C-alpha cells in the first residue's frame, strides 16, 4: 500500500482547482499512471492519453468548465474527492452544475491507477432543455412511488 506521503494530495487538489484551459491538463495528468483506468457514467477509459483526450474534448465543447468546492479524504492509497463541476454549454447563458465524487486508488509508485467518478447523469441531461420535461416526469413518478410504498 502507498502511504499518504508519496501522493501529494494538496498539490493534486490545487491542480484540479486550477484546471481552466487545455494547457492546464498536463498539470492534472502528472498525478496519473500511464495505464490509469478511468470510469464515469459515460466513459470507460484505459490509459492516460485517452483521459487527456477526454479533458481536451471537454474544453473544446464547453465554455468555462471547472471543478470547484473540492473536498478530499484520504488514507494514502485511497482518495475520495467530492467536487462540483461547473460549465456553460456553447451558445447558452446559463451555468450548469454537476455534483459528484471521485474514488481514486494510488499505486505503489504514488500515481493514480484507478479513477472512478460517481455523479447523477440526469443532472447533465437536464442541461438539454428538450430532455428536461421527460426527465422531470420520470423523477416525479419514481419519487411518488417511493412515498406511496
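The values are calculated or read from the model by the stated rules, or taken from the named source; none is laboratory data. Quick caveat, the model's predicted, so the values are computed rather than measured. Counting neighbours? That spans all protein chains shown, and the Cβs are built from the backbone with ideal geometry, glycine included.
Do you know which residues across the stretch 7-25 are free of Cβ contacts under 8 Å to residues at least 12 places away in the same chain and either part of a strand (DSSP E or B) or closer than 14 Å to residue 51 by Cα (or both)? The one that is free of Cβ contacts under 8 Å to residues at least 12 places away in the same chain and either part of a strand (DSSP E or B) or closer than 14 Å to residue 51 by Cα (or both): 24. Of the residues 94, 74, the single one that is at pLDDT below 95 and in contact with a helix residue (DSSP H, G or I) (Cβ under 6 Å, 6 or more places away or on another chain) is 74. For the stretch 26-43, the count of residues that are assigned to a helix (DSSP H, G or I) and within 21 Å of residue 90 (Cα to Cα) is zero.
If residue 53 satisfies every condition in (1) modelled with pLDDT of 95 or more; (2) part of a strand (DSSP E or B); (3) surrounded by fewer than 17 Cβ atoms within 10 Å (Cβ to Cβ) but one, which is the exception? Residue 53 satisfies all of (1) modelled with pLDDT of 95 or more; (2) part of a strand (DSSP E or B); (3) surrounded by fewer than 17 Cβ atoms within 10 Å (Cβ to Cβ) except (2).
Looking only at residues in the stretch 30-50 that are out of contact with any helix residue (DSSP H, G or I) (no Cβ under 6 Å at 6 or more places or on another chain) and touching a residue at least 24 places away in the same chain (Cβ under 8 Å), the one that is surrounded by the fewest Cβ atoms within 10 Å (Cβ to Cβ) is 42.
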